[in-house]
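See below for the structure under consideration.
The values are calculated or read from the model by the stated rules, or taken from the named source; none is laboratory data. The structure displayed is predicted, hence computed values, not measured ones. Cβ: placed from backbone, ideal geometry, glycine included. Neighbour counts: every protein chain shown.
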Amino acid sequence: MNKLTDTTINLFIDELDKFGVGISLIKNNNVYFVPYTLPGERVKAKIMNKFKSKVYCSNLEILENSSERSNNTCEHFTKCGGCLLQHWQYENYKHWKFNLIKQPLIKLNPNIETLDMISAKNNSRRRAKFFLKQGNNSCKLGFKKYKSETLININNCFIIDSEIIELMTEIKNAFNKSFLTTEILVFHVNKLDYGLDILIQTNKSLRINDLINIFKNFKSNIISIHLQENNQNPELILFYNKNKLNFGECNVYGLIPPAGFFQATKIAENQLIKNILNEIGIKNDYVLDLYSGSGTFTLPLLKNGYKVYAIDKNKTSIESLIKSSKEQNLFNNFKYNISNLTKGKIETHFFQNFDVVILDPPRAGAIVQVTSLGKSKVKKIIYISCNIQTFLRDSQILLSHGYKIKYILPIDQFLYTSHLEIFSVFEIFN
């Protein structure tokens, strides 16, 4: 253990890093990182770890507040690790977040148009992952502490949809009364059109009848519950209604598998679909949808008469997409492939079959694909990203192949964090 660990130090916060953590630059040529602070504040911090010149601290006390500090924070703020920036007045936070993408884009090309950032509202997140641990006549249910495995009890949340919060309360009360396991259970909850879809993950076998008895009298609007043991295929244990989710304003729906991916907020989903449809335009365009998931973009495109080829590595998601396209008589214009796009590169000649390529990769980005895609000279690429750093990296590759960025639309659907949804359009003129 480093001899500095657990010592306290007074620091002046100079700025925030790209993740929203306060930085102090003035001591011993080291850089001190202190969460839940703001530029201009003086703080008492506890040194937790040191790696080379980087010293990681916990925030013990604010000795001198910034004039931009807000007291409008959740009761769990600084305990739960979900939010880092609730303590900043909203307009200041919003300006900082917009500049996370605006400033590096200026360095790439000062003429890139960046549209005004669209922001989600509190309690709009319709996907949640939380943890439950039972003890003697009690249980903890909530999220993990910042950079820790410590589980924090949650009673409320600024971010998550109120129906999911009500479910969490009901789960906690029920598991307080019925002991089931000593291990930590992982809950994935999706809010869909007809109610809440729940996946429970465990490393050990559970008594399914006991689990059913816990849930069968819940007041929450549950549509289905699946149990996944030891990373096996999820088993349906309770079913009340269809796992249906309408996409955008297109009168088309997808069937979402347990813990399946879709946009975290409805406002982001609507904006992304609307902008995609505006950008494609020509009805005979052939569209390639990479990282398609269960069809957030594929299904609205099919509904609007486009031909679509969808690729995703998740077999269950593609199977759901096939089923929902057949149910809605959209399958004739649809092709698909199950492929790991993180590892397997698509060759340039395949891209050349398409008029438009859509990419919505995970946070690691799409570096395996963009070099080949850039060489293809496809006339339009729509890149949707939730990670600023990997988006900038992949953008530079496309720009190096002659593409121009038409515009950027930032969407803040990950409130009070540094994560940002980015909608971008790349075009090439031969």
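The table below lists the values:
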{"read-out": "Given (1) more than 21 Å from the chain's Cα centre (by Cα); (2) surrounded by fewer than 16 Cβ atoms within 10 Å (Cβ to Cβ); (3) modelled with pLDDT under 95, index of the condition Thr371 fails", "value": "(2)"}
{"read-out": "Test: residue in the stretch 146-161 that is of a type in the set (D, E, K, R) and under 19 Å from Leu196 (Cβ atoms)", "value": "yes"}
{"read-out": "Candidates Lys204, Lys140, filtered to the one that is touching an Asp or Glu at 6+ places or on another chain (Cβ under 6 Å), farther than 24 Å from Leu85 by Cβ and among the basic types (Lys, Arg)", "value": "Lys204"}
{"read-out": "Test: Lys140 is free of Cβ contacts under 8 Å to residues at least 40 places away in the same chain, under 30 Å from Ser178 (Cβ atoms) and not small (Gly, Ala, Ser)", "value": "yes"}
{"read-out": "Identity of the residue in the stretch 170-199, polar (S, T, N, Q) and more than 23 Å from the chain's Cα centre (by Cα), that ends up nearest to Gly82 (Cα to Cα)", "value": "Asn173"}
{"read-out": "Count of residues meeting criterion [touching an Asp or Glu at 6+ places or on another chain (Cβ under 7 Å) and either in a loop (DSSP other than H, G, I, E, B) or of a type in the set (S, T, N, Q) (or both)] in the stretch 240-261", "value": "6"}
{"read-out": "Single condition Ile267 does not satisfy, out of (1) within 26 Å of Lys315 (Cα to Cα); (2) assigned by TED's automatic domain parsing to the domain that holds Ile408", "value": "(1)"}
{"read-out": "Identity of the residue in the stretch 64-86, out of contact with any Lys or Arg (no Cβ under 8 Å at 6 or more places or on another chain) and charged (D, E, K, R), that ends up farthest from Phe98 (Cα to Cα)", "value": "Glu75"}
{"read-out": "In the stretch 51-79, the residues that are charged (D, E, K, R), under 19 Å from Phe12 (Cβ atoms) and out of contact with any His (no Cβ under 7 Å at 6 or more places or on another chain)", "value": "Lys54, Glu61, Glu64, Glu68"}
{"read-out": "Test: residue in the stretch 374-393 that is touching a strand residue (DSSP E or B) at 6+ places or on another chain (Cβ under 6 Å), of a type in the set (Phe, Trp, Tyr) and assigned to a helix (DSSP H, G or I)", "value": "yes"}
{"read-out": "Number of positions in the stretch 103-120 that are exposed (fewer than 15 other Cβ atoms within 10 Å of the Cβ) and either polar (S, T, N, Q) or assigned by TED's automatic domain parsing to the domain that holds Ile164 (or both)", "value": "3"}
{"read-out": "Single unsatisfied condition, Ser205 versus (1) farther than 29 Å from Thr169 by Cβ; (2) polar (S, T, N, Q); (3) touching a strand residue (DSSP E or B) at 6+ places or on another chain (Cβ under 9 Å); (4) not assigned by TED's automatic domain parsing to the domain that holds Phe350", "value": "(1)"}
{"read-out": "Subset of the stretch 61-102 [under 27 Å from Leu115 (Cα atoms), surrounded by fewer than 19 Cβ atoms within 10 Å (Cβ to Cβ), in contact (Cβ under 8 Å) with a residue 24 or more places away in the chain and of a type in the set (Ser, Thr, Tyr)]", "value": "none"}
{"read-out": "Test set (1) among the acidic types (Asp, Glu); (2) closer than 30 Å to Phe331 by Cα; (3) in a loop (DSSP other than H, G, I, E, B) - Asp197 fails condition number", "value": "(3)"}
{"read-out": "Among (1) among the acidic types (Asp, Glu); (2) over 26 Å from Thr371 (Cα atoms); (3) under 21 Å from the mean Cα position of the chain (by Cα) - the single one Glu319 does not satisfy", "value": "(3)"}
{"read-out": "Which listed residue, of Leu245, Leu277, is under 21 Å from Ile411 (Cβ atoms) and touching a residue at least 40 places away in the same chain (Cβ under 8 Å)", "value": "Leu245"}
{"read-out": "Residues of the stretch 338-368 satisfying the condition of being touching a Phe, Trp or Tyr at 6+ places or on another chain (Cβ under 9 Å) and surrounded by 16 or more Cβ atoms within 10 Å (Cβ to Cβ)", "value": "Leu341, Phe354, Asp355, Val356, Val357, Ile358, Leu359, Asp360, Pro361, Gly365, Ala366"}
{"read-out": "Matching option when the condition is at pLDDT 95 or above and more than 18 Å from Ser148 (Cβ to Cβ), among Asn109, Asn65, Asn71", "value": "Asn65"}
{"read-out": "Filter result for Glu183 (in a helix (DSSP H, G or I) and within 25 Å of Gly260 (Cα to Cα))", "value": "no"}
{"read-out": "From Glu149, Glu183, Glu166, residue being surrounded by fewer than 17 Cβ atoms within 10 Å (Cβ to Cβ), under 21 Å from Ala264 (Cβ atoms) and outside the structural domain of Gln413 (by TED's automatic domain parsing)", "value": "Glu166"}
{"read-out": "Number of the exception - Gly81 against (1) under 29 Å from Tyr407 (Cα atoms); (2) in contact with a Phe, Trp or Tyr (Cβ under 9 Å, 6 or more places away or on another chain)", "value": "(1)"}
